[in-house]
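The values are calculated or read from the model by the stated rules, or taken from the named source; none is laboratory data. Keep in mind it's a predicted model, so treat the numbers as computed, not measured. Every residue, glycine among them, receives a Cβ derived from its backbone with ideal geometry; neighbour counts consider all protein chains shown.
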Amino acid sequence: MSRIVVLISGSGSNLQALLDQSAAGQLGGQVTAVISNKAEAYGLERARNAGIATHVVSNRDYADRASFDAALMQVIDRYEPTLVVLAGFMRILTPEFVRHYQGRMLNIHPSLLPRHQGLHTHQKAIDAGDKEHGCSVHFVTEELDGGPVVLQARVPVFAEDDATAVAERVLVQEHAIYPLTVRWFCDGRLVMQQGKVYLDGAQLPAQGYAGE
């Protein structure tokens, strides 16, 4: 069975979606460890409640990004992961870290990439007058929020929306598409080769998979 290590920085709601699917036998793999750069992250409690090993690797304990990433890799590699899942992990990763897990690290970003990379995506969508917004699961590459997209989910943006309302709508979709994408990977259906994404042997378009 595939071994999954999840990296978090906060509440861990996407982590919970993965744990729920795993408990139901629907994830195709097992979450073997949850690692946070913040000791107070509630996602660690979620993991402990599920009987999952937890670790804190605080970036405050390291002089620079490279030494932090090196320490983080040491902890991750103890579990020999098939897949590393970023679930609200709020750190920019070094190229060395990304290359180490190339092709086996996924992230979910709260926008319809390539639109609205970086932070504050929901407000950016409102400010831009977007009629729709959403989330994207993508493979992690050295370009921030720039790796090839696997799957997206779209939600409407209404005139009366604030960023909180949009965020809540998007989060529902995140909890649906992230476990699905992880399962595709664990089942051997999803791969990244030479910067391209393939599902069941067919190359996906730039915006990812669009149907059932």
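Can you confirm whether region 51-66 contains a residue that is of a type in the set (A, V, I, L, M), over 16 Å from the mean Cα position of the chain (by Cα), more than 23 Å from MET192 (Cα to Cα) and buried (at least 16 other Cβ atoms within 10 Å of the Cβ)?
Residues of region 51-66 of a type in the set (A, V, I, L, M): 52-53, 56-57, 63, 66.
After this cut, where a residue has to be over 16 Å from the mean Cα position of the chain (by Cα) as well, the list is 52-53, 56-57, 63, 66.
Next, from what is left, pick out any that are more than 23 Å from MET192 (Cα to Cα): 52-53, 56-57, 63, 66.
Those still in the list that are buried (at least 16 other Cβ atoms within 10 Å of the Cβ) too: 52, 57.
So far as region 51-66 goes, yes, one or more of its residues are of a type in the set (A, V, I, L, M), over 16 Å from the mean Cα position of the chain (by Cα), more than 23 Å from MET192 (Cα to Cα) and buried (at least 16 other Cβ atoms within 10 Å of the Cβ).
Give the residues of region 96-114 that are part of a helix (DSSP H, G or I) and more than 15 Å from the chain's Cα centre (by Cα), sorted by residue number.
Taking region 96-114 as the starting set, the residues that turn out to be part of a helix (DSSP H, G or I) are 96-100.
Within region 96-114, GLU96, PHE97, ARG99, HIS100 meet the criteria.
Would you confirm, using the coordinates I've provided, whether VAL5 is at pLDDT 95 or above, part of a helix (DSSP H, G or I), surrounded by 15 or more Cβ atoms within 10 Å (Cβ to Cβ) and not polar (S, T, N, Q)? So VAL5 does not fit the description; no.
Each residue in region 164-201 was checked for being over 23 Å from GLY146 (Cβ atoms), small (Gly, Ala, Ser) and in a helix (DSSP H, G or I), and 2 pass.
Taken over region 50-89, the criterion of being farther than 10 Å from THR32 by Cα and of a type in the set (Phe, Trp, Tyr) is satisfied by TYR62, PHE68, PHE89.
Being surrounded by fewer than 19 Cβ atoms within 10 Å (Cβ to Cβ) and of a type in the set (Lys, Arg) is a property that does not hold for ARG183. Cβ-Cβ distances below 9 Å connect no pair with a first residue in region 47-69 that is touching a residue at least 60 places away in the same chain (Cβ under 8 Å), a second residue that is of a type in the set (Ser, Thr, Tyr), and a separation of six or more residues or different chains. Based on this model, can you work out whether GLN173 counts as surrounded by fewer than 18 Cβ atoms within 10 Å (Cβ to Cβ) and touching a residue at least 24 places away in the same chain (Cβ under 8 Å)? It is false that GLN173 is surrounded by fewer than 18 Cβ atoms within 10 Å (Cβ to Cβ) and touching a residue at least 24 places away in the same chain (Cβ under 8 Å).
When LEU83, LEU93 are checked against the criterion of being surrounded by 19 or more Cβ atoms within 10 Å (Cβ to Cβ), over 23 Å from ASP20 (Cβ atoms), under 18 Å from the mean Cα position of the chain (by Cα) and among the aliphatic types (A, V, I, L, M), LEU93 stands alone in meeting it. Please determine, by comparing only the residues of region 115-163 that are assigned to a helix (DSSP H, G or I) and charged (D, E, K, R), which one is nearest to the chain's Cα centre (by Cα). Per the stated criteria, the residue is LYS124.
Determine, yes or no, whether MET73 is buried (at least 16 other Cβ atoms within 10 Å of the Cβ), under 21 Å from PHE139 (Cβ atoms) and not charged (D, E, K, R). Spelling it out, MET73 is indeed buried (at least 16 other Cβ atoms within 10 Å of the Cβ), under 21 Å from PHE139 (Cβ atoms) and not charged (D, E, K, R).
So, in region 21-50, exactly how many residues are touching a helix residue (DSSP H, G or I) at 6+ places or on another chain (Cβ under 8 Å), surrounded by fewer than 23 Cβ atoms within 10 Å (Cβ to Cβ) and not in a strand (DSSP E or B)? Residues in region 21-50 being touching a helix residue (DSSP H, G or I) at 6+ places or on another chain (Cβ under 8 Å), surrounded by fewer than 23 Cβ atoms within 10 Å (Cβ to Cβ) and not in a strand (DSSP E or B): 6 in total. With respect to the conditions (1) touching a residue at least 40 places away in the same chain (Cβ under 8 Å); (2) within 18 Å of VAL149 (Cα to Cα); (3) surrounded by 15 or more Cβ atoms within 10 Å (Cβ to Cβ), ARG99 falls short on a single one, namely (3).
The residues of region 18-50 that are within 21 Å of ARG91 (Cβ to Cβ), among the charged types (D, E, K, R) and under 18 Å from the mean Cα position of the chain (by Cα), listed by number, are LYS38, ARG46. Of the residues ALA202, ALA167, ALA163, the single one that is at pLDDT 95 or above and exposed (fewer than 15 other Cβ atoms within 10 Å of the Cβ) is ALA202.
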